Amino acid sequence: MTTSTYGPVEVVALGFPGDRVPDTVQEAVLEVLASGVVTLLDLAVVRRDLDGDVVLLEVDELGPEVQLTRVELLGAGLAGEEDLGGIADVVAPGSCAVVLVVEHTWARRVVARTSATGGVVLAREHVPAAVVNEVADLALTVD
């Protein structure tokens, strides 16, 4: 029987033109973290310059331009080289990505009680927001 109290963990990579994560996105992430819905376990930034060279920056290598570094990370190092390398493969020259390893804190109690009763998670599927929004918009246009 497991005694861990973590909820599901997800690696999310957000890509941006240029070499900087926009302040407005950083602020939005900080707001979500403050709500307690998710917990940030680790983060990194992947940059690809115009020549195609990749720079992987772990949290301890990030400068003050990344506000997210002031958050205490409970799982620093979870975004491994293999994860970051795979993300680097899709980062276009002259752009960057912030990689967030988040725990779905909202699910802690549900997961713990499911496990305590002998239950298991049978399936979990991630549907990107763009897909959900597109389907919702299509549903609104149907009479």
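The values are calculated or read from the model by the stated rules, or taken from the named source; none is laboratory data. Because the structure is a prediction, the values reported are computed rather than measured. Cβ placement follows ideal geometry from the backbone for every residue including glycine, while neighbour counts extend to all protein chains displayed.
So that you can scan it fast, the table gives a plain yes or no per residue for (1) in contact with a Gly (Cβ under 7 Å, 6 or more places away or on another chain); (2) exposed (fewer than 10 other Cβ atoms within 10 Å of the Cβ); (3) within 19 Å of Leu40 (Cβ to Cβ):
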residue	(1), (2), (3)
Leu73	no, no, yes
Ala79	no, no, yes
Glu82	no, yes, no
Gly85	no, no, no
Pro128	no, yes, no
I need a count of the residues in the stretch 1-35 that are of a type outside the set (Asp, Glu), assigned to a loop (DSSP other than H, G, I, E, B) and either surrounded by 11 or more Cβ atoms within 10 Å (Cβ to Cβ) or at pLDDT below 90 (or both).
11
Go through the stretch 1-45 and give me each residue that's of a type in the set (Val, Ile, Thr), touching a Ser or Thr at 6+ places or on another chain (Cβ under 9 Å) and closer than 15 Å to Glu65 by Cα.
none
Quick one: Leu43 ticks every box in (1) more than 13 Å from Val12 (Cα to Cα); (2) not in a helix (DSSP H, G or I); (3) not aromatic (Phe, Trp, Tyr) bar one, so which box is it?
(1)
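Rundown of residues vs (1) within 16 Å of Leu43 (Cβ to Cβ); (2) surrounded by 10 or more Cβ atoms within 10 Å (Cβ to Cβ), yes/no style:
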| residue | (1), (2) |
| --- | --- |
| Ser95 | no, yes |
| Val99 | yes, yes |
| Val111 | no, yes |
| Gly118 | no, no |
| Arg124 | no, no |
If I filter the stretch 97-143 down to residues being part of a strand (DSSP E or B) and in contact with a helix residue (DSSP H, G or I) (Cβ under 8 Å, 6 or more places away or on another chain), which single residue comes out as farthest from Val21 (Cα to Cα)?
Leu100
What number of residues in the stretch 109-126 are modelled with pLDDT under 90 and either on the phi > 0 side of the Ramachandran plot or touching a Gly at 6+ places or on another chain (Cβ under 7 Å) (or both)?
1
